Amino acid sequence: NPIKSLGSGLIYSNNGYIITNTHVIENASEIFVTLPGGEKFEAKIMGYDTLTDLALLKIDAINLAVSNLGDSDALMIGEWVIALGNPLGLFDISNQPTATVGIISGIGLDFGQKESGKVYQNMLQTDASINPGNSGGPLLNVMGDLIGINTFIMTNSPYNNGSIGIGFAIPINTVNTIISELKKYGKIERNFITGLH
């Protein structure tokens, strides 16, 4: 029996490019993207990067609504943010993303290499409630500009995997650098990109 797993994504361009976390799609045999409103598409993987945990998908759609990109280098600790996504599969009930609100709790957090092999550098920390299923979804500022991709949470216990208000997002400036390479080459040639190990 196929095992279903859930995540979130972000519409990157109006012609069907979608960003998510690599860990959301890593072992998938099929990937389906459901848009707000419920329209469902099969997605192709255009490229992914395991180290930074970013993946680029493509669906056969046009005229999609796209968020403006913010500048994650201009963020201040304490500013309000909104996380959108599919926590615990709730998107499927209403065909709309669930929103949670919080602040930027920290900036520039480097975690080094995790057991999964992912390297999380320069991460944003937020207390907006992020739960399993939120991975790959957008973190927005109050203007609605995209400032990060929600990626993982700390839960303080091996038994409880829900939010305790400590979540982490990849800053959009990093996302942009990686995704534009993935769009061109399908992978990251690390010998050419500086500042990412």
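Bear in mind that the values in this text are calculations on the coordinates, not laboratory data. The shown structure was predicted, so the numbers you read here are calculated from the model rather than taken from an experiment. Ideal geometry is used to build each Cβ from the backbone, glycine not excepted, and the neighbour counts take in all protein chains shown.
Take the Cα of residue 88, step 7 Å along the line toward its Cβ, and report every residue of the range 1-24 whose backbone nitrogen sits under 16 Å from that point.
Taking a point 7 Å out along Cα→Cβ of residue 88, the residues of the range 1-24 whose backbone N falls under 16 Å are 6-7.
How do the peptides 37-46, 177-186 rank, highest first, by the average count of neighbouring beta carbon atoms within 10 Å per residue? Walk me through the numbers on the way to the answer.
On the way: 37-46: 13.3, 177-186: 16.7.
Ranking the peptides 37-46, 177-186 by packing returns 177-186, 37-46.
Mind counting lysine pairs for me in the chain? Cα separation below 19 Å, and the two need to be 8 or more apart along the chain or on different chains.
11
Regarding the range 112-165, what whole-number volume in Å³ per residue does the convex hull of its Cα atoms give? Could you put the intermediate results ahead of the total?
Details: hull volume 5.1 nm³, N = 54.
Considering the Cα atoms of the range 112-165, their hull volume per residue is 95 Å³.
Tell me the mean residue ellipticity at 222 nm calculated for the chain from its helices only (DSSP H runs of n ≥ 4, each -39500 (n - 2.57), averaged over every residue, nearest 500).
Values: 3 runs with 22 residues, N = 197.
Result for the chain: -3000 deg cm²/dmol, rounded to the nearest 500.
Would you mind putting 1-9, 167-175, 130-138 in packing order, based on average other-beta-carbon counts within 10 Å, highest first? Let's see the in-between values first.
Details: 1-9: 14.7, 167-175: 23.9, 130-138: 25.7.
Most protected by this proxy first, the peptides run 130-138, 167-175, 1-9.
Report the FRET efficiency, 1/(1 + (r/R0)^6), for residue 143 and residue 107, where r is their Cβ-Cβ distance and R0 is 22 Å, rounded to 0.05.
Plugging the Cβ-Cβ distance into 1/(1 + (r/R0)^6) gives 0.80.
What does a probe at residue 157 reach in the range 117-138, counting residues whose amide N is under 18 Å from the point 7 Å along Cα→Cβ?
From the range 117-138, the list is 130-132.
How many percent of all Cα-Cα pairs in the range 1-100 sit more than 19 Å apart? The partial results should precede the final answer.
On the way: 2355 of 4950 pairs.
Cα-Cα pairs of the range 1-100 separated by over 19 Å account for 48 percent.
State to the nearest 20 debye the size of the charge dipole of the range 107-197 about its Cα centre, where the only charges are +1 on K and R beta carbons and -1 on D and E beta carbons.
Numbers: 6 positive and 6 negative charges, 60 e Å.
Dipole about the Cα centre, nearest 20: 280 debye.
Step through the residues of the range 130-139 one at a time and calculate ³J(HN,Hα) from phi using the Karplus curve (6.51 cos²θ - 1.76 cosθ + 1.60, θ = phi - 60°), rounding each to whole Hz and writing x for Gly and Pro.
10, 10, x, x, 7, 4, x, x, x, 10
Sequence-distant or interchain residues sharing an amide H contact under 5 Å with residue 16, placed H: which?
Those lying under 5 Å, H to H, from residue 16 are 64.
Quantify how much of the Cα-Cα distance distribution of the chain extends past 29 Å, in percent.
16 percent
State to the nearest 20 debye the size of the charge dipole of the chain about its Cα centre, where the only charges are +1 on K and R beta carbons and -1 on D and E beta carbons. Walk me through the intermediate numbers first.
On the way: 10 positive and 17 negative charges, 65 e Å.
Here the chain has a charge dipole of around 320 debye.
Considering amide H positions built from the backbone, and no H for Pro or chain starts, which residues 5 or more places from residue 31, or on another chain, come under 5 Å of its amide H?
For residue 31, the qualifying residues are 43.
List the chymotrypsin sites (Phe, Trp or Tyr not before Pro) in the range 47-134 that DSSP assigns to loop (not H, G, I, E or B) and whose Cβ has at most 14 other Cβ atoms within 10 Å. Which are they? Before the final figure, lay out the partial values.
On the way: sites: 48, 80, 91, 111, 120; in loops: 111.
Passing sites in the range 47-134 are 111.
Give a residue-ordered list of calculated ³J(HN,Hα) values for the range 175-184 (Karplus: 6.51 cos²θ - 1.76 cosθ + 1.60, θ = phi - 60°; whole Hz; x for Gly, Pro).
Values per residue, Gly and Pro as x: 4, 4, 4, 5, 5, 5, 5, 4, 5, 6 Hz.
Just to be sure I understand: if I project the alpha-carbon convex hull of the range 94-189 onto a plane and average over all orientations, what area do I get in nm²? It would help to have the intermediate numbers written out before the result.
Numbers: hull surface 30.7 nm².
Result: 7.7 nm².
Find how many whole Å separate the alpha carbon centroid of the range 117-179 from the alpha carbon centroid of the range 1-63.
What the calculation gives is 17 Å, centre to centre.
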